[in-house]
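The block underneath contains the structure these notes are about, expressed in structure tokens.
Values in this text are rule-based calculations from the coordinates and carry no lab data. Quick caveat, the model's predicted, so the values are computed rather than measured. Neighbour counts run over all protein chains shown; Cβ positions are idealised from the backbone, glycine included.
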Amino acid sequence: MQISYTCQPSPDVQANEDFILAAERFVIVLDGATASGLPSGCEHSVSWLAGRLGGQLACVLIKNPGLDLTEVLREGIVRTRGLHAQCNLTNPNSPSSTVAIVREHNRRLDCPTLADSPIVARTHGGEVTAVFDDRTSHLPAYDRNSLSALRNTDEGFWVASTKPEAADRAVTASFPLADVESFGMVTDGVSRLVERYGWTWERLLDTLAKQGPEHAVQATRDAELATEPGTFRGKRHDDVTAVYGQPKPGGGREIKRQR
């Protein structure tokens with residue numbers, strides 16, 4: 001597949017908690033969840049978690065290129081747990097991350113996403129489908145104590161952290177390669193163009209295709225600066241990752257939501 005991307009930290013921080021890894025047949029995008037300030041029981045940073053988890057997912061994909069992606073995600077979490085087994089892995093505030101994967105295999109494009117890092121695909125007929133997990137948009141509360149209690153529960157939302165069963169809660173999609181013209185992957189630092197600023201998924205994918213990921217990132221920053229602080233829930237700025245890809249031709253679409 002052909003891939004172009006940009007990955008940049010928020011303008012008001014130094015450490016980038018987003019992570020991307022691209023290879024011939026897969027792309028992995030992660031967005032580490034900024035630490036809440038509550039005790040995490042872990043000696044490692046969010047950036048550490050995102051990078052190690054991304055690396056372990058890539059290792060599993062390379063070793064087992066046809067493995068079901070739910071199992072890839074599960075194994076990646078298990079392996080990453082093993083890298084910091086000395087930490088308190090039962091703490092709900094342990095570092096965590098979203099995960100989005102696009103993989104070519106067996107003439108299909110498989111697209112799981114866990115938490116808010118959407119994938120958008122366009123068919124050769126022009127149909128645009130967004131694959132996204134919107135559970136964080138429906139939480140009863142958004143303060144740090146509520147998020148701690150709701151994280152990795154069926155009453156709240158799921159992220160990749162220390163619980164391998166989070167893999168079973170990913171939102172999944174699979175497209176015949178022959179049908180797919182292009183795809184985009186973004187972290188929520190860029191998907192806010194749709195969720196906050198009135199864009200459509202079609203416009204976002206058009207921008208990635210015609211003007212490149214850098215332009216989508218700049219449009220995000222321009223929109224943020226043009227908006228009064230405090231207008232929206234959450235941070236004014238965030239780390240940003242935007243990916244545009246075109247797969248090899250190959251050959252329906254099946255989407256299922258798992259909880």
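Ratio of Rg to Rh for segment 150-238: 1.04 [Cα atoms; Kirkwood radius as inverse mean 1/r over pairs].
Quick check on the chain: helices-only [θ] at 222 nm, where DSSP H runs of length 4 and up contribute -39,500 (n - 2.57) each and the sum goes over total residues. Nearest 500, please. Write out the running numbers ahead of the final one.
Working: 6 runs with 71 residues, N = 259.
It comes out at -8500 deg cm²/dmol, rounded to the nearest 500.
With Rh defined as the Kirkwood radius, the inverse of the mean 1/r over Cα pairs, the Rg/Rh of the chain is 0.94. Each Lys and Arg contributes +1 and each Asp and Glu -1, all at the Cβ; summed about the Cα centre of segment 29-123, the dipole is approximately 240 debye.
Placing pseudo-labels 7 Å out from each Cα toward the beta carbon at Ser45 and Ser137 gives an inter-label distance of 3.1 nm. If you plug the beta carbon distance of Glu165 and Phe232 into 1/(1 + (r/R0)^6) with R0 = 35 Å, you get a FRET efficiency near 0.65.
At an R0 of 22 angstrom, the distance between the Cβ atoms of Gln246 and Ile62 translates into a FRET efficiency of 0.50.
Quote the charge dipole size of the chain about the Cα centre in Debye, to the nearest 20; the model charges only the Cβ of Lys and Arg (+1) and of Asp and Glu (-1). Intermediate results must be reported in sequence, preceding the final value.
On the way: 28 positive and 33 negative charges, 94 e Å.
Once rounded to the nearest 20, the dipole reads 460 debye.
Between Arg107 and Glu202, the FRET efficiency estimated from the beta carbon spacing at R0 = 25 angstrom works out to 0.45. Taking segment 22-66 and a reference point 7 angstrom along Cα→Cβ of Thr153, the backbone N atoms nearer than 19 Å belong to 36-41.
In terms of its C-alpha gyration tensor, segment 124-172 has an oblate overall shape, because the principal axis ratio a/c (a ≥ b ≥ c, square roots of the eigenvalues) is not below 1.5 and a/b does not outweigh b/c. Applying a 4.7 Å Cβ-Cβ cutoff to the chain, the cysteines left without a disulfide-compatible partner are Cys7, Cys59, Cys111. Here the 3J(HN,Hα) profile of segment 97-108, calculated from phi with Karplus coefficients 6.51, -1.76 and 1.60 at θ = phi - 60°, is 7, 6, 9, 10, 10, 10, 9, 8, 6, 6, 6, 9 Hz, Gly and Pro shown as x. Ranking Leu67, Met185, Leu109 by Cα position along the charge dipole of the chain, where only Lys, Arg, Asp and Glu carry charges on their C-beta atoms, puts Leu67 farthest toward the positive end. Basic side chains Lys and Arg get +1 at the Cβ, acidic Asp and Glu get -1 at the Cβ, and with that the dipole of segment 100-162 about its Cα centre reaches some 220 debye.
Other residues lying with their Cβ under 15 Å from the Cβ of Glu75 contribute a combined charge of +3, Lys and Arg counting +1, Asp and Glu -1.
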